Amino acid sequence: ELIEETGFYRKYFKNLEVYPNPANDYLTIAYEKLNSASLEVRLIDLTGQIVQTHKIQDGEFRELSIDVSKVERGVYLLNVIDINEANLPVATYRVILD
């Protein structure tokens, strides 16, 4: 579930999707187009600890599968961050690991 989208969102993505939610073993991030090579996703627990970090590849019609099978079950935030712009937040999703 997308819970926050900054005004910079459309500068980076076209049709970003995060699924399945809730997720069991893998969480998929899919997009039609990414215009930047400086984005990463961070899976963050509700205490603010970064659990996982993954780089997103630029290009068209891409998917990134994140292995969450060893992550403790619960509610997390998935932040999309521009690492070249002082960790500028682009979008935040609430994900449930079940």
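The values are calculated or read from the model by the stated rules, or taken from the named source; none is laboratory data. It should be emphasised that the depicted structure is a prediction, and the values quoted were computed from it without experimental measurement. Glycine also receives a Cβ, built like all others from the backbone with ideal geometry; neighbour counts cover every protein chain displayed. Accessible surface is based on the protein model in full, side chains and every heavy atom, while ligands, DNA and RNA are left aside. Shrake-Rupley method; radii C 1.70, N 1.55, O 1.52, S 1.80 Å.
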Got a sec? What order do Ser65, Ser38 fall in by accessible area at 1.4 Å, biggest, i.e. largest, first? Ser65, Ser38
Give me the Kirkwood hydrodynamic radius of the chain, using the inverse of the mean 1/r over all pairs of distinct Cα atoms, in Å to one decimal. 13.4 Å
Carbon plus sulfur, as percent of the 1.4 Å-probe accessible area of the chain, comes to 47 percent
Please report the antiparallel percentage of DSSP beta bridges with both residues in the chain, rounded to the nearest 5. 95 percent
Per-residue accessible area for Arg73 at 1.4 Å probe radius, Å² rounded to 10? 90 Å²
Computed about the Cα centre, the charge dipole of the chain from +1 Lys/Arg and -1 Asp/Glu charges at the Cβ has a magnitude in debye, to the nearest 20, of 120 debye
I'd like to check one number: the per residue accessible area of the chain, probe 1.4 Å, reported in Å² as a whole number. 57 Å²
For Glu72 and Gln52, calculate 0.36 nm times their separation in residues minus their Cα-Cα distance, and state this gained length in nm to one decimal. 6.0 nm
